[in-house]
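The values are calculated or read from the model by the stated rules, or taken from the named source; none is laboratory data. Note that the structure is a prediction, hence the values are computed from the model and not measured. Backbone-built Cβ (ideal geometry, glycine too); neighbour counts: all protein chains shown.
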Amino acid sequence: MAGYFAMPRQEIRRDDDDHAPNTLELRNCKVTQSMPYLQLDTTQSFSGEEKAAFSAALADCYARHMQMDRRRISVAIRELGPDGLWRIVDDQPVPANLLMCDIRLGREAARRQALAEAMLAVCQAELGLAVERVNIEFTQHAADEMYHPTLGGFSPDWHPSDDQ
């Protein structure tokens, strides 16, 4: 085929050595995950100032409800465009938003629910998103799956006594 070139085989593998914890390798590119990681997928578009204000407000909300250091929180805003994310409502597709939260394992459902409700309020106040068009999903991870070089390495395990 004219113009065809061989692509290297793509692999995603987990490194198990102690020098690169929680690192995924895709081809020659390494990405280290940090958590909590709060990721908003949206069909809307926002200015840099709006994104910064939302990120700060969301991090403050999360830190307050989960009683943790806000410096461990990363916020991403992915603008997918007006046709990028849909949900079916009354048998019709409507634009939607999704806030995905990668968090430490162990928080009880009532605490996550209170956090979700507070984060919905931040989405509405800071970005004008309709609460009924924002879904929130939590994925829980062990503390040793969260690595923060500037904070000394792995996150500490969460314990119920942390909430007192």
Exercise for the section: Please enumerate the residues belonging to region 70-83 that are in a loop (DSSP other than H, G, I, E, B) and of a type in the set (Asp, Glu). Expected result: Asp83
Fill in the blank from the handout: Reported set for region 101-133 where residues are among the hydrophobic types (A, V, I, L, M, F, W, C), closer than 26 Å to Ser45 by Cβ and assigned to a strand (DSSP E or B) is Cys101
Exercise for the section: State which residue is nearest to Arg111 (Cα to Cα) when the search covers only region 21-69 and only residues that are modelled with pLDDT under 95, assigned to a strand (DSSP E or B) and out of contact with any Asp or Glu (no Cβ under 7 Å at 6 or more places or on another chain). Expected result: Thr32
Practice task
Output the residue which, of all residues in region 69-98 that are hydrophobic (A, V, I, L, M, F, W, C) and in contact with a helix residue (DSSP H, G or I) (Cβ under 6 Å, 6 or more places away or on another chain), is farthest from Gly152 (Cα to Cα).
Solution key: Ala96
Practice task
Pull up region 64-83, narrow it to residues that are among the small types (Gly, Ala, Ser) and within 17 Å of Pro36 (Cβ to Cβ), then point me to the one that is surrounded by the fewest Cβ atoms within 10 Å (Cβ to Cβ).
Solution key: Ala76
Handout entry: Neighbours by Cβ (under 7 Å, 6+ apart or cross-chain): first from region 98-119, without any contact (Cβ under 8 Å) to a residue 12 or more places away in the chain; second of a type in the set (Asp, Glu) and not in a helix (DSSP H, G or I)
Key = none
Practice task
Report yes if some residue within region 125-148 is under 18 Å from the mean Cα position of the chain (by Cα), at positive phi, surrounded by fewer than 19 Cβ atoms within 10 Å (Cβ to Cβ) and at pLDDT below 95; otherwise report no.
Solution key: no
Problem - Among (1) at pLDDT below 85; (2) closer than 14 Å to Tyr37 by Cβ; (3) not hydroxyl-bearing (Ser, Thr, Tyr) - the single one Gly153 does not satisfy - result: (2)
Exercise for the section: Mind listing just one residue for me: the one in region 84-100 that is touching an Asp or Glu at 6+ places or on another chain (Cβ under 8 Å) and not in a strand (DSSP E or B) and, of those, surrounded by the most Cβ atoms within 10 Å (Cβ to Cβ)? Expected result: Leu85
Practice task
Working only within region 36-63, note down all residues that are among the aliphatic types (A, V, I, L, M) and buried (at least 18 other Cβ atoms within 10 Å of the Cβ).
Solution key: Leu38, Leu40, Ala57, Leu58, Ala59
Exercise for the section: Kindly indicate whether Val75 is in contact (Cβ under 8 Å) with a residue 24 or more places away in the chain, within 15 Å of Leu40 (Cα to Cα) and in contact with a strand residue (DSSP E or B) (Cβ under 7 Å, 6 or more places away or on another chain). Expected result: yes
